[in-house]
1. From the list Gly80, Gly75, Gly57, pick out the single residue that is modelled with pLDDT of 90 or more and of a type outside the set (Val, Ile, Thr).
2. Hey, does region 115-138 have a residue that's crowded, with 19+ Cβ neighbours inside 10 Å and free of Cβ contacts under 8 Å to residues at least 24 places away in the same chain?
3. So which residues in region 91-112 are crowded, with 16+ Cβ neighbours inside 10 Å, closer than 23 Å to Gly198 by Cβ and of a type in the set (Val, Ile, Thr), if there are any at all?
4. Among the residues of region 51-106, write down those that are under 19 Å from Ser145 (Cα atoms), part of a loop (DSSP other than H, G, I, E, B) and not hydrophobic (A, V, I, L, M, F, W, C).
5. Out of all the residues in region 145-157, is one or more closer than 25 Å to Pro186 by Cα, part of a loop (DSSP other than H, G, I, E, B) and aliphatic (A, V, I, L, M)?
6. Assess whether Pro62 counts as being in contact with a strand residue (DSSP E or B) (Cβ under 7 Å, 6 or more places away or on another chain), without any contact (Cβ under 8 Å) to a residue 60 or more places away in the chain and either surrounded by 15 or more Cβ atoms within 10 Å (Cβ to Cβ) or under 29 Å from Leu222 (Cα atoms) (or both).
Amino acid sequence: MRGRFLTCLLAAMLLSLGLPVLASAAPTATLSAAFTPEQLGKRTTLHFGFAFSAEPGQVPPPLTQIELRYPNNLGIGISGLGLATCAPATLSELGPKGCPTNSIMGRGEAYTGIVLGVTPIRENAPIWIVRAPNQEGHISVLFYSEGSTPVDTHIEFPGILLPANSPFGGVVSIGIPLVPTLPGAPYISVIHLHATLGPIGVTYYEHVGGVTLAYTPKGILLPSSCPHGGFPFAATFSFLDGSEAKASTAITCPDPRKKKRR
């Protein structure tokens with residue numbers, strides 16, 4: 001609490017001095033993805049992450065939209081994840097603890113920051129991915145994040161899985177709300193983010209014969225064959241200043257010889 005108070009005090013002093021907020025250059029982005037385990041025809045957890053460039057002492061512009069394209073034939077709909085749903089109002093009021101345990105689909109962490117005067121202030125914030133009620137027949141998720149510096153805040157933002165053109169199987173369209181900090185201060189910027197979608201770190205519960213059993217959900221089903229060049233991912237990021245950044249990556253195909261040795 002003392003550290004948080006000092007941070008807020010510093011921010012208020014900088015703002016009262018009228019120091020200029022540094023302008024951010026147009027950012028570039030990198031995208032990462034991985035499967036754990038990576039075995040064709042088996043269940044897995046998807047790891048994904050992205051990061052943005054910034055000039056020394058600055059942060060990227062505030063992020064407003066993400067369009068994340070994922071490979072064809074990923075069995076997200078039959079993953080066993082998100083057996084329950086959480087209403088947006090419930091998540092907003094109570095946080096992930098107020099949602100059904102079986103609605104949690106993944107977790108992660110975001111590294112965010114702002115520049116107050118000439119001083120960058122950054123922090124790590126945990127993220128939860130929660131299944132939401134379907135929208136017009138499409139799978140819908142909610143992302144929830146908590147922050148404590150320079151002010152206590154929590155945000156939730158929606159994502160919806162939509163069709164995409166080949167070689168992709170779909171796109172997760174995610175709207176990012178602008179997060180205020182202090183009066184007159186800039187909105188929070190995302191510097192980098194990493195999250196998982198799958199059974200790693202996720203526990204579900206089932207009631208059987210009057211007994212509650214804990215179990216790990218199955219996870220995303222990988223196809224039995226790998227696309228030429230690997231499993232492709234691509235993302236388009238939109239920022240408050242009107243700029244865009246694009247990034248792509250691919251998860252290399254598993255070595256079939258490793259499977260034969262098992």
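The values are calculated or read from the model by the stated rules, or taken from the named source; none is laboratory data. Since the structure is predicted, the reported quantities are computational estimates derived from the model, not experimental observations. Note that each Cβ is placed from the backbone with ideal geometry, even for glycine, and that neighbours are counted across all protein chains shown.
1. On inspection, the qualifying residue turns out to be Gly80.
2. Yes, region 115-138 contains at least one residue that is crowded, with 19+ Cβ neighbours inside 10 Å and free of Cβ contacts under 8 Å to residues at least 24 places away in the same chain.
3. Answer for region 91-112, where residues must be crowded, with 16+ Cβ neighbours inside 10 Å, closer than 23 Å to Gly198 by Cβ and of a type in the set (Val, Ile, Thr): just Ile104.
4. Hits for region 51-106 are Pro60, Pro61, Pro62, Gly82, Thr85, Gly95, Pro100.
5. Yes, that holds for at least one residue.
6. no
Every residue, every condition in (1) within 19 Å of the chain's Cα centre (by Cα); (2) under 23 Å from Ala234 (Cβ atoms); (3) not β-branched (Val, Ile, Thr), yes or no:
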{"residue": "Glu67", "(1), (2), (3)": "yes, yes, yes"}
{"residue": "Gly95", "(1), (2), (3)": "yes, no, yes"}
{"residue": "Arg107", "(1), (2), (3)": "yes, no, yes"}
{"residue": "Leu116", "(1), (2), (3)": "no, no, yes"}
{"residue": "Pro133", "(1), (2), (3)": "yes, no, yes"}
{"residue": "Gly137", "(1), (2), (3)": "no, no, yes"}
{"residue": "Ser166", "(1), (2), (3)": "no, yes, yes"}
